[in-house]
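Just so it is clear, none of the values below were taken in a lab; they were calculated from the coordinates. Predicted model only: the values in this text are computed from it and were never measured. FYI the Cβ positions are ideal-geometry reconstructions off the backbone, even for glycines, and counts take in every protein chain you see.
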Amino acid sequence: MHTLPGDELPDELAGAVADPLLATTLGRLRLRNPIILASGFLGETGQSLVRCFAHGCGGVVTKSIGTLPRLGHANPTVVEVDGGLLNAIGLANPGMEHYRSELAAVRDAQVPGPIIGSIFGADPQEFSQLAKGMAAAGADALELNLSCPHVKGVGTEVGSDPRLVEQITAATTAAVSIPVFVKLSPNIADILPIAAAAVDGGAAGLTAINTVRGMAIDVRLRRPILSHGQGGLSGPAIRPVGVAAVFRIASHLQVPIMGVGGISCGADALEYLMAGAHAVQVGTALMDRGPLAFAHIATELRDFLRVEGFGKVSEVIGLAQGERP
Amino acid sequence: MHAPTIVEVVAVERSTPIHTTVSFDYPAPALPGQFVMVWLPGVDEIPMSLSRTGVRKAMVARVRGDATAALCALQVGDRIGIRGPYGRPFAVTRRRNVAVGGGTGMAPLLPLVRHGPPGTHWDLIVGGATKAELLYLDWAAAAVSDEGLDVTLHTATEDGSAGTRGYPTAIVEALLAKGGIDEVFACGPELLMFGAFQSCERHDVPLQASMERFMKCGFGICDACALSGYLTCLDGPVFDRPALRLMQEFGHSQRNAAGLPQGI
Ligand SMILES: Cc1cc2nc3c(=O)[nH]c(=O)nc-3n(C[C@H](O)[C@H](O)[C@H](O)COP(=O)(O)OP(=O)(O)OC[C@H]3O[C@@H](n4cnc5c(N)ncnc54)[C@H](O)[C@@H]3O)c2cc1C
Ligand SMILES: Cc1cc2nc3c(=O)[nH]c(=O)nc-3n(C[C@H](O)[C@H](O)[C@H](O)COP(=O)(O)O)c2cc1C
Ligand code: FES
């Protein structure tokens, strides 16, 4: 894999990210370690995705790609708040036609882990078209981002309607042979019926959670900071929400789960794994820990497993389920 | 904290018929070449280089679209949001330097030349379309006489109304051909920086150039500012010659808010 000058990991981190203790599987996908780049971070360009591998991740999820290029919302699109980050990027993306060339660059670089293509659309037809595009471009798996506004049910998201979730998942899994993960929104009273609908539709696995709806207001200017007003909260503040979601899903459904939301260190990743996740995704931690966040988290995870005497990372999956109250 | 701090505009100055300098007090330490994200409430949040880097900071803009129009229309007492400073600054490590700026590209060069290490010689090249549009020329001339800076001033205008007729890159090429230059610092339109890059390659002289790309977060998470594998906000905006050499997009393409490449 080609790396930029200065991007080589120090030996200690390089050893950890490829340590056999961390090697694992996510359904049919093989991972050198279970730390995956979350969608929407550093995934607009192929070269940045390649760089995430150079920085130690086990896999990447692309930015969510739609049919046509979208400029997204005006800035400010991100603002840090206590315990995390609020964003309203507004699904900005270059469109599937262009994105194929970005993914080709990742393929050509022969990266050491899977590329999971994230797509968003308004209905089953659009999702299945996009799925074919991603698969043709070389994605190893798909992640369906269901937080796009649902045209018929004004104001709600595609992902809050179980019937639509099942239809979209079924249409997508029928369109491609690569595994399809469905990413779930926490902005709903109970996440389980949506998760079950995705599994009924044929999902190979689930990703939980997307951002939690939120808003920040600047009191001196007396207005919301984000141009869009509302945004999505990520980072440490939402970790308990994500862990609870993964725990609930894992205790009812038998599919691999990617846990995401507020993971900044090895112990945070372990919470998700012990709740029942097979792998984790990291996004907002890049803000404070920088591009090497993956390698640091992998190292901390590896060190914990060593100290606690585990033989491989998969041994911790779901351990906390045994302690269910 | 990557959240805007609300500041009041303390001074607004028409620096040339097309350039407006806006000053505000913002204590966070900053170095020449770094930028801030400027929130113009109800309009946009945009990256701007700092043309003054002390507690009292300043930025200079020319109207390009909505955000720069709002910035240039600010009045004393108006409230704006500032976060940062962000990015990798210029680093002066050699003695005989060229600083070449075109248009608002003069912004970071002003504090660079002013706060460079003592004993540094500067050939400062100010470029613009016409004599009236040469930014900070008065300051540069005054600095030479009043602040005792070791600066040789050069100007280039497209219409020939002052200095050399043509682009400032021609002066860079002439200085490098003459020899004795240790390093070049460039900021301005991308084709100016690309021209300076080509001269530096030809004469094998180190270069630092301040690049512009579309920005959203400003701190390295969103990929909006991706530039051939680098992040302009985190790895730049100031890049050196070895990095510039690896950028296929340098001088050729930049991405819009959707991430779609467009010509320069
Ligand atoms: C590190 C950096 C430092 C800069 N320093 C200065 C400076 O000192 N003075 C100055 O006048 N300008 C500077 N710019 C450019 C300035 O940010 C853009 O000109 C401004 O954002 C244009 O906004 P607009 O609404 O006026 O124009 P628009 O009509 O919205 O856009 C005109 C062009 O400006 C660029 N642009 C628009 N929005 C952004 C954005 N969020 N981020 C980056 N580019 C954008 C695009 O190339 C676009 O095509 C800098 C840019 C960067 C990246
Ligand atoms: C700036 C930003 C952009 C995001 N873009 C997307 C996206 O395009 N698709 C998606 O499924 N999730 C997106 N997310 C959500 C993340 O993938 C992730 O679910 C969430 O941030 C929680 O993880 P974290 O706390 O590690 O960041 C985005 C989050 C942020 C902060
Ligand atoms: S502006 Fe977001 S990564 Fe540079």
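Quick check: Cα centre of the range B:2-62 to Cα centre of the range A:222-259, how many Å?
That distance is 35 Å.
Among the DSSP beta bridges whose two residues both lie in the range A:11-319, what percent are antiparallel, rounded to the nearest 5?
40
Quick one: give the max-minus-min coordinate of the C-alpha atoms of the range A:51-93 along each principal axis, largest first, in Å.
35, 32, 12 Å, listed from the longest principal axis down.
What number, in nm² with one decimal, is the all-direction average of the projected area of the convex hull of the alpha-carbon atoms of the range A:42-166?
Projected area, direction-averaged: 8.8 nm².
In whole Å, what three semi-axes, largest first, describe the equivalent ellipsoid of chain B built from its Cα gyration tensor (square root of 5 times each eigenvalue)?
27, 22, 17
Could you please report the charge total around B:Ala209, scoring K, R as +1 and D, E as -1 over all other residues with beta-carbon less than 14 angstrom from its beta-carbon?
The answer is -3.
May I ask you to give the average projected area over all directions of the convex hull of the Cα atoms of the range A:11-319, in nm² rounded to one decimal?
14.9
Considering the convex hull of the alpha carbon atoms of the range B:186-239, report its projected area averaged over all viewing directions, in nm², one decimal.
Result: 3.7 nm².
So, with +1 on the Cβ of K and R and -1 on the Cβ of D and E, and no other charges, what is the size of the charge dipole of the range A:11-319 about its Cα centre, to the nearest 20 debye?
380
Name the long-range amide H neighbours of B:Val184: under 5 Å, sequence gap of 5 or more, or other chain; modelled H, no Pro or chain starts.
Under 5 Å from the amide H of B:Val184: B:Val98, B:Leu207, B:Gln208.
Computed from the mean reciprocal separation of all distinct C-alpha pairs, what Kirkwood hydrodynamic radius does the range A:98-193 have, in Å?
13.9
Can you give the FRET efficiency to the nearest 0.05 for A:Ser101 and B:Lys178, using r as the Cβ-Cβ distance and R₀ = 45 Å?
0.55
Be a star and scan the range B:211-233 for residues whose amide nitrogen sits under 18 Å from the point 7 Å along the Cα-to-Cβ vector of A:Leu221.
Hits in the range B:211-233 for A:Leu221 at 18 Å: B:215-219.
Using the Cα atoms as the points, what is the convex hull volume per residue of the range A:21-78 in Å³?
Per residue, the Cα convex hull of the range A:21-78 comes to 113 Å³.
Using the beta-carbon distance between B:Asp150 and B:His203 and R0 = 22 Å, what value does 1/(1 + (r/R0)^6) give for FRET efficiency, to the nearest 0.05?
The pair B:Asp150/B:His203 has a calculated efficiency of 0.50.
Largest first and in whole Å, give the semi-axes of the protein assembly as shown's equivalent ellipsoid, each being the square root of 5 times a Cα gyration tensor eigenvalue.
47, 25, 22
Mind checking which aspartates and glutamates have their C-alpha under 20 Å from A:Lys312, skipping anything on the same chain fewer than 8 residues away?
Answer for A:Lys312, where 20 Å is the Cα cut-off: A:Glu12, A:Asp19, A:Asp268, A:Glu271, A:Glu300, A:Asp303, listed by chain and number.
Given DSSP loops and a limit of at most 14 other Cβ atoms within 10 Å, what is the longest stretch of chain A that contains no such GluC sites (Glu not before Pro)?
Excluding the exposed sites themselves, the longest stretch runs over A:9-307.
Holding the Cα-Cα limit at 20 Å, pick out from A:Lys183/B:Lys216; A:Lys63/B:Lys216; A:Lys63/A:Lys132 the pairs that are longer than that.
Those over the limit are A:Lys183/B:Lys216.
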